[in-house]
Structures are given as structure tokens and as C-alpha cells.
1. Would you call Ala54 out of contact with any Cys (no Cβ under 7 Å at 6 or more places or on another chain), of a type in the set (A, V, I, L, M), within 30 Å of Pro93 (Cβ to Cβ) and at pLDDT 95 or above?
2. Just to verify a result, which residue in segment 3-45, among those that are at pLDDT below 95 and among the hydroxyl-bearing types (Ser, Thr, Tyr), is farthest from the chain's Cα centre (by Cα)?
3. If the Cβ limit is 7 Å and pairs must be 6+ apart or interchain, which residue in segment 43-61 that is within 20 Å of Glu82 (Cβ to Cβ) pairs with which residue that is of a type in the set (A, V, I, L, M, F, W, C)?
4. Which numbered condition trips up Thr48, out of (1) at pLDDT below 95; (2) assigned to a loop (DSSP other than H, G, I, E, B)?
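The values are calculated or read from the model by the stated rules, or taken from the named source; none is laboratory data. Bear in mind that the values here come from a model prediction, so they are computed numbers and not experimental data. Here the Cβ positions follow ideal geometry from the backbone for every residue, glycine too, while neighbour counts run over all protein chains shown.
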Amino acid sequence: MALKSRQPKKTIPVPRARRKSKFQADLAPAEDQMVRSLKRELQLNSNTDFLSDAVALFRWAVGERKRGYRIFSEGTTGERKELVLPRLERVAPELALPSDCFSIYELPAWH
């Protein structure tokens, strides 16, 4: 009587779920308060939602500057202010900074 050898079963590889990345930031108390205040104002319940929205906004701004577009806010009277962030300007095709601009470090405190 001949013995049959078992063929190993072929296993179909199951794709692994991608692990979510963790992000931790050490914020000064004033920055922490600013984040909490913005989350309340925007009705965001989690840091993940806050960070996702912030990244989306920053990604958009980087894309605009790479195309050479400038980013402005415009008041109801037509007054315009240009947003200039030193790190954001690194991706801009031109390096000349306008004189009528503000940086995030000059923005009013959030309440």
C-alpha cells in the first residue's frame, strides 16, 4: 500500500491593514490653548480631525505657492492682506516677499 504525501495547502496572502500613524506634539501652554480654542470654535471633537483639516489646508497652500499664486484674505471693504509664512515661501517660485504682508506670528490671539 502506497502512502500519499499531503500537498501543503496554498494559502492566499491576506493584505495587511495599514497601521495608522501616531502623531505627538509638544506644545507650549499658549499653543495648546490655541488648539483647544480652535477645536471648540470649529466644533471638532478630536485632535485627529483638527490635524487632518490643518494638513489639508497647508497642503492646499503649498500647492498654490508652488504654482506661483499668492494667498490673500480680503475684508468687506476690499482691504487685502497677503499671508506669508517663511516655510511656505520656500516652495514659491519667486523669493521676493511683498511689503504689505503678515505672517502667522502677527495674527491676533484666538479667543
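1. Numbers: out of contact with any Cys (no Cβ under 7 Å at 6 or more places or on another chain): yes; of a type in the set (A, V, I, L, M): yes; within 30 Å of Pro93 (Cβ to Cβ): yes; at pLDDT 95 or above: yes.
Yes; evaluated as a whole, the condition is true for this residue.
2. Among those that are at pLDDT below 95 and among the hydroxyl-bearing types (Ser, Thr, Tyr), it is Ser5.
3. Between residues of segment 43-61 that are within 20 Å of Glu82 (Cβ to Cβ) and residues that are of a type in the set (A, V, I, L, M, F, W, C), the close pairs are Ala61/Ile71; Ala61/Leu88.
4. All conditions pass for Thr48, except number (2).
The rows are residues; the columns are (1) at pLDDT below 90; (2) hydrophobic (A, V, I, L, M, F, W, C); (3) in a loop (DSSP other than H, G, I, E, B); (4) more than 30 Å from Pro29 (Cα to Cα).
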| position | (1), (2), (3), (4) |
| --- | --- |
| Gly68 | no, no, yes, yes |
| Gly78 | no, no, yes, yes |
| Arg87 | no, no, no, no |
| Trp110 | yes, yes, yes, no |
